[in-house]
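Below: one structure, written as structure tokens.
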Amino acid sequence: MDGEITSNESLLEALRQAEQKYRSIFEHCVVGIFQTTPQGQYLSANPALARMYGYDSPDELIAALTDISRQLYVKPGRRDEFLQLVREHGKVIDFESQIYRRDKSVIWILESARLVSDEVSGEVLYYEGMVLDITRRKLAEEERDQANARLALQYAITRTLAEVRYLGEASSKIVQAICETMSWDVGGLWYVDAVANVLLCADVWHAREVDVHAFIDATQRTAFCARSGTSRARVVQPQSILDSRCSRRRQFPACCRSGERRAPWRICVSNYSWRRSDWCDGVLQPWDPRSG
């Protein structure tokens with residue numbers, strides 16, 4: 001009897017030490033660790049994850065993030081993509097996403113997780129995994145890509161200038177070379193007429209599959225008065241815009257094709273007063289910030 005009691009005590013002590021060991025790993029691990037419900041709430045989080053997401057403690061994180069899909073991920077539907085992969089394969093490895101920290105700043109994370117289900121019923125109990133902050137790596141990759149893009153642009157422009165027979169051909173060829181190198185659907189070259197002190201469009205290029213002829217015609221007929229002039233010309237691309245009808249980002253050419261009534265896009269010429277213009281009812285006009 002005494003031997004059995006001693007054995008039980010030894011087993012309990014071993015369990016206590018094992019629990020203490022794994023609790024220490026959980027608390028002091030430098031990567032984020034979590035458990036979440038299928039409904040999108042945190043069951044547990046370690047201090048590293050709380051710090052990564054900008055919270056003072058795991059309890060604060062758990063209390064604040066009650067709908068992971070809506071509150072955490074920058075890209076709508078990203079949580080659903082995560083869950084689909086885990087359910088199909090039982091786990092997900094190196095799942096990259098942008099997420100909002102507590103202060104609404106955005107960081108890149110890398111998640112690896114697995115599904116935990118009831119052994120009898122097969123019901124999904126929770127998901128558990130680890131999170132790494134890869135923001136520095138992504139910024140370094142972006143800087144590298146930008147540097148490569150600049151080199152590609154320099155090469156494309158130099159090659160174009162070498163190939164043109166007359167200087168008058170250069171502007172259209174340069175716009176095309178830049179757009180094709182940057183994978184733009186539409187691009188334009190604007191310059192300031194120093195005598196008239198107005199901003200004029202020199203050339204516009206667009207991909208063959210993109211129908212923006214009405215926009216191009218309006219662009220080539222438009223001149224903006226400059227409040228402070230510059231002799232520097234700039235090639236620009238219509239930016240992605242917010243579609244007021246469906247509240248999501250859409251690319252500029254898609255709005256032109258679908259008859260979008262109002263489509264803002266950037267001119268971005270140094271020292272020039274107009275930073276953005278509106279494509280409204282077939283007319284290109286200065287952007288009014290009061291209109292949103």
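The values are calculated or read from the model by the stated rules, or taken from the named source; none is laboratory data. Small disclaimer: the values here were computed from a predicted structure and weren't measured. Because the Cβ atoms are built from the backbone with ideal geometry, glycine has one as well, and the counts that use them run over all protein chains shown.
Tabulated data for the structure shown
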| quantity | calculated |
| --- | --- |
| Number of the exception - Gly90 against (1) at positive phi; (2) not assigned by TED's automatic domain parsing to the domain that holds Gln35 | (2) |
| Residue within segment 45-52 that is out of contact with any helix residue (DSSP H, G or I) (no Cβ under 9 Å at 6 or more places or on another chain) and basic (Lys, Arg) present | yes |
| Scope segment 189-200; condition among the hydrophobic types (A, V, I, L, M, F, W, C) and over 30 Å from the mean Cα position of the chain (by Cα); matching residues | Val192, Ala194, Val195, Ala196, Val198, Leu199, Leu200 |
| Within segment 201-225, tally of residues that are farther than 22 Å from Lys173 by Cβ and surrounded by fewer than 16 Cβ atoms within 10 Å (Cβ to Cβ) | 5 |
| Residue satisfying condition, being acidic (Asp, Glu) and either in contact (Cβ under 8 Å) with a residue 60 or more places away in the chain or exposed (fewer than 12 other Cβ atoms within 10 Å of the Cβ) (or both), within set Glu88, Glu60, Glu81 | Glu88 |
| Gly129 within 30 Å of Ala50 (Cβ to Cβ), small (Gly, Ala, Ser) and touching a residue at least 40 places away in the same chain (Cβ under 8 Å) | yes |
| Residues of segment 125-181 satisfying the condition of being under 30 Å from Asn46 (Cα atoms), among the hydroxyl-bearing types (Ser, Thr, Tyr) and out of contact with any Leu (no Cβ under 7 Å at 6 or more places or on another chain) | Thr135 |
